[in-house]
Each structure stands twice: as C-alpha cells, then as structure tokens.
Amino acid sequence: MPRIIRIADPEDPRIAAFRDIRERDLVGREGRFVAEGRVVLNVLLSSGRFETEALLLLENRVAGLDELMQFVPEYVPVYAAPAAIMDRIAGFHIHRGILAIGRRRPPDAIGTLLADLPDKALVVALAGIANHDNMGSIFRNAAAFGADAVVLEPTCCDPLYRKAIRVSVGAILKTPFATADSLDDMIGALDGAGFDILALSPKGKLLIGDPPPAPRTALLLGSEGHGLPPTMLERLKSVRIPMAEDFDSLNVAAASAVALHRLWRG
C-alpha cells in the first residue's frame, strides 16, 4: 500500500494539481482530469484505461479506504489533509473527501475504435451534447445497457470534464470513446464500419426497437432543444420513443436510457 503523505499547508507545491479546481475546470489542466468520490476512484483504478497520477484524501476518510488503497500503485503519491486545508486547496468544500488526478490518454481514432469492436456491437453516437450533466448521464446509461463505445462529433462538451465524470459515476473512465472531426465524418465512420444508424427524434418514423436492432447498431442522439438536423433525419433511419401524444419529448439523457434499454441485448 502507498505511504500516506500528510499535508498541513494549502500552498504545498506537491498538491498544486488539486488547487482551485473549479477555476481550472474552465481553463484546462494540461492533459489531466479530476475524479471525485470513492465510486469514481474505484472505476479509475480498476478499469486501467487511464493513469492515476495522485490522490488527495480527507484525513478522516483514510482509515476506511484500506481495501481500495491496495489497488493504488506504490508510485502514486497519496496525500491526506484535514477538512479545512483540503477545502482551501480545492477552493470549495469537498464533502466526499476523495479527489484523484488522472492523466488523459492519446485520443482514440474513431475508425480504429469502431473496427476493433465485436461483430455484434452497440454504439452511442452524440451530436451537439453541450451539457456536462447530460454527457455524464448518457455515458452512465450507455454502461448500464451494455454499449460497447461512445463516439462524438467535435461540438460536444468534454467527457473528461470533472462534473461529467462525477455524474457518470465513473462510466466515462471505463467506456471507450472517440471524437470525429465532424458530424459527417462520424456518420461516415459508423456507416463504413457496418453500423445501422438509428437517429432518435420525437418525429422518428419507426418505433425504437421495432424491428429488432441489427448486429451492429449505433444510436444517434442530438442536442437538447434543437435535436438532430432535419437533413440528417431525412438521410438516416429515424426512430422515436412512443409517449403521450400531448407531450413533446424527453430530456436527452432520459431518452437515451429508454432507447438503450430497448436496444439492449442483455
């Protein structure tokens, strides 16, 4: 198990990566990301997709983390601080008492990611998802219903943003994802890899899951409000979730859960 390093000074240079978390959410972390809470840390350590660089723990949480600490590599520094010091480091109250710095990996090429998936695969494709809560929830739903990967076009928000990771309860850290150069490139890559693309819209022509999904299926979700471009809906197979006729639509995260459940092969 790693040695616990006690921190008594919020200006200690060793914990610089944890300082002023909210501010640095906006300006970037130079190839790093922040993971919060025990569940998310467990996924970070167990999935092996991302390298853990350092941990910062609330002093009174250390004793209850012995089992989890066994999975922390010895070279990863584990810092511990009392609540007042930890809050001053982060810039706000950290009620979970667990922070980790992870290192981003080189981005996966979308063509390579899709080619490496099994013959029977379910992919979630995202266009214009700009809200981090929705991004995290969609990844969480994708993991819950067995999606093999998520692909995004470049106007989507960053999946490795702190809030998105937290809302996903770590699903973003274990679900493979890749970003295409454009929406057309994303659609072209899916089509070229043999995926049947289902564009979800309240005005979809077919009911989701009827007929049953093809061996390789991609569920395409658009932004909250605007949805998918009309030209894209005309070009692709459009599907809808049946609902009361006097109501417009579901939130995109909720819609992803319903649709993925209908496509789930479990």
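Structure values in brief
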read-out	value
Test: residue in region 230-241 that is assigned by TED's automatic domain parsing to the domain that holds Asp210, touching a Ser or Thr at 6+ places or on another chain (Cβ under 7 Å), aliphatic (A, V, I, L, M) and closer than 20 Å to Leu190 by Cα	yes
Residue in region 217-234 that is within 21 Å of the chain's Cα centre (by Cα), of a type in the set (Gly, Ala, Ser), modelled with pLDDT of 95 or more and assigned to a loop (DSSP other than H, G, I, E, B) present	yes
Gly111 being without any contact (Cβ under 8 Å) to a residue 12 or more places away in the chain and either touching a strand residue (DSSP E or B) at 6+ places or on another chain (Cβ under 8 Å) or farther than 22 Å from Cys157 by Cβ (or both)	no
Some residue of region 62-74 being among the small types (Gly, Ala, Ser), outside any helix (DSSP H, G or I) and either touching a Ser or Thr at 6+ places or on another chain (Cβ under 7 Å) or surrounded by fewer than 21 Cβ atoms within 10 Å (Cβ to Cβ) (or both)	no
Qualifying residue in region 212-231 (condition: among the hydrophobic types (A, V, I, L, M, F, W, C), surrounded by fewer than 23 Cβ atoms within 10 Å (Cβ to Cβ) and free of Cβ contacts under 8 Å to residues at least 40 places away in the same chain)	yes
Meets criteria (touching a Ser or Thr at 6+ places or on another chain (Cβ under 9 Å), touching a residue at least 60 places away in the same chain (Cβ under 8 Å) and crowded, with 19+ Cβ neighbours inside 10 Å) for Leu190	no
Unmet criterion (only one of (1) in a loop (DSSP other than H, G, I, E, B); (2) closer than 20 Å to Ile138 by Cβ) for Ala259	(1)
Region 148-175 - residue that is part of a helix (DSSP H, G or I) and hydrophobic (A, V, I, L, M, F, W, C) and, of those, farthest from Glu224 (Cα to Cα)	Leu173
Residue that is modelled with the highest pLDDT [pool: residues in region 1-16 that are hydrophobic (A, V, I, L, M, F, W, C) and either over 12 Å from Tyr79 (Cα atoms) or surrounded by fewer than 14 Cβ atoms within 10 Å (Cβ to Cβ) (or both)]	Ala8
Among the candidates Phe139, Phe71, Phe145, residue that is closer than 28 Å to Pro213 by Cβ, free of Cβ contacts under 8 Å to residues at least 60 places away in the same chain and not small (Gly, Ala, Ser)	Phe139
Evaluation of Val123 against (1) outside the structural domain of Ala143 (by TED's automatic domain parsing); (2) out of contact with any Leu (no Cβ under 6 Å at 6 or more places or on another chain); (3) within 30 Å of Leu219 (Cβ to Cβ); (4) of a type outside the set (Asp, Glu) (one fails), failing number	(1)
Single condition Glu53 does not satisfy, out of (1) crowded, with 17+ Cβ neighbours inside 10 Å; (2) in a strand (DSSP E or B)	(1)
Residues being in a helix (DSSP H, G or I) and either of a type in the set (Gly, Ala, Ser) or touching a Ser or Thr at 6+ places or on another chain (Cβ under 6 Å) (or both) - total across region 11-43	2
Val76, sole failed condition from (1) touching a residue at least 60 places away in the same chain (Cβ under 8 Å); (2) under 21 Å from the mean Cα position of the chain (by Cα)	(2)
Selected residue (only one of Ala164, Ala180, Ala130 is touching a residue at least 40 places away in the same chain (Cβ under 8 Å), surrounded by 20 or more Cβ atoms within 10 Å (Cβ to Cβ) and either in the same structural domain as Gly31 (by TED's automatic domain parsing) or not β-branched (Val, Ile, Thr) (or both))	Ala180
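The values are calculated or read from the model by the stated rules, or taken from the named source; none is laboratory data. Values in this document were obtained by computation on a predicted structure and should not be read as measured data. Virtual Cβ from ideal backbone geometry, glycine too; neighbours counted across all protein chains shown.
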